Amino acid sequence: MASYFCPCPRGMEAALAEELGEIAQLSTTMKVHNQVPGGVHCSGDLIDSYRINLHSRIASRVLMRMAVTGYQNENDIYDLVLAQEWENWFTYDHTIRVDVTAVKSPLKSLEFTTLKIKDAICDRFRDQFDKRPSVDTKEPDMRIVGFLDARQFIIYLDTSGEALFKRGWREETGDAPLRENLAAGLLRVAGWKPGMPLFDPMCGSGTILCEAAQMVQGIPPGARRRFAFEAFNDFDPAPWNEMKNSIKANPLPASPTIFGSDISGDMVAMTRHNLKCAGIMFEVPLKQIEAQEVKAPTEQPGILLTNPPYGERIGVRGDSTMPEDELASSFYSALSTTLKQRFAGWTVFLFTADLGLPKLLRLKESRKTPFFNGALECRLFRFDMVAGFNRREAAKPKEV
């Protein structure tokens, strides 16, 4: 049995733990353990790492713990890494990359620590085979990850390779695209499930729509890519192929439940292309229209989830000669009116780095959840558009 750590976007730990619990139901050996800032610990056999890589939409990677120790200095770290049987997992013909993260570590230089880990791996191969792996920081065969806190050092071997948010379907992106695992986490936190109406009125390159559509169709996020574990020395393709071949696609929906729009025709075309690349075989209606002008796409209320533009990106939505603050105020004022008048009964989720967004909308959020998009602090604001908003708006005296 191995111990694994699955990092994720900060704020998504509970959502990831819930998802891993669902994946564990497919296994007799996998167990989910504690959440920590930035990820979730779990355990299982090697096949369980295949399962998580294939099915997890929220994890960034699946890291297999090789060893853990207390440490005083870089030499303690070197000794632990040197003692690991790396040759059981890969050969000197594989390229490697080493990454180190730290929280409250007393060591002065992470770069020096990274170098010591790389030296220990290379020295082990050189001692045994008189050859050593080369370093490739861009497209390595194997990634080794070190983690330091104030007292402990943990060394991991990455089973994923490329980060898991790289699903293998994206060819085109817009400005500042939302990462796929963050979009999937937002869908889970919003409580959306396949079959419920979903609308993204500022869809950009379509990340939220693609993630949702793959869930509807039953396409696992890792179905269209390769993983580092496939290059491990003793990799047995039989259970991996069996796992992939056992996937049963869901019946295609008889009528659309997922909808998108964007002010940019290029973005709408890009979303359509990305949906095709993601293997989506049912209709996802898309429109080129300003967000302030949209109407609810279904009579049945559902979930509106979007990552609205902020900063310079909002410039495409109005007069570029207007100051940014005025432009944002005008845009969100019009959007607020649209939500109140046309989306009664809907639950609206706006994911943004603009923490003053409720004030711009003149709406009181029912919940705000902190998340990080990379290093950018964001909030997922929830607004419950109760029936009656539009009547109250209509009853207000008209301004002369």
Report, by residue number, each residue of segment 148-162 that is within 17 Å of L63 (Cα to Cα) and hydrophobic (A, V, I, L, M, F, W, C).
L148, F153, I154, I155, L157
Does segment 43-62 contain at least one residue that is closer than 14 Å to A2 by Cβ, under 20 Å from the mean Cα position of the chain (by Cα) and part of a strand (DSSP E or B)?
no
Quick one: how many residues across segment 168-205 are at pLDDT below 95 and over 19 Å from L380 (Cβ atoms)?
9
Answer yes or no as to whether N241 is open to solvent by 30 Å² or more (accessible area, probe 1.4 Å) and free of Cβ contacts under 8 Å to residues at least 60 places away in the same chain.
yes
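Every residue, every condition in (1) farther than 18 Å from P308 by Cα; (2) touching a helix residue (DSSP H, G or I) at 6+ places or on another chain (Cβ under 8 Å), yes or no:
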position: L182; (1), (2): no, no
position: G185; (1), (2): no, yes
position: P197; (1), (2): yes, no
position: D200; (1), (2): no, yes
position: M215; (1), (2): yes, yes
Taking F125 as meeting all but one of (1) open to solvent by 80 Å² or more (accessible area, probe 1.4 Å); (2) assigned to a helix (DSSP H, G or I); (3) closer than 30 Å to D48 by Cβ, write down the number of the exception.
(1)
Test result for D130, closer than 23 Å to N233 by Cβ and free of Cβ contacts under 8 Å to residues at least 12 places away in the same chain
yes
Of all residues in segment 290-308 being assigned to a loop (DSSP other than H, G, I, E, B) and touching a Pro at 6+ places or on another chain (Cβ under 8 Å), which is most open to solvent (accessible area, probe 1.4 Å)?
Q300
Which of the residues that make up segment 151-171 are open to solvent by less than 50 Å² (accessible area, probe 1.4 Å) and out of contact with any Gly (no Cβ under 8 Å at 6 or more places or on another chain)?
L157, D158, T159, S160, G161, A163, F165
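The values are calculated or read from the model by the stated rules, or taken from the named source; none is laboratory data. This structure is a prediction, so every number in the text was calculated from the model and none was measured. We place every Cβ from the backbone using ideal geometry, glycine too, and count neighbours over all the protein chains shown. Just the protein is used for accessible areas: all its heavy atoms, side chains included, with ligands, DNA and RNA removed. Shrake-Rupley method; radii C 1.70, N 1.55, O 1.52, S 1.80 Å.
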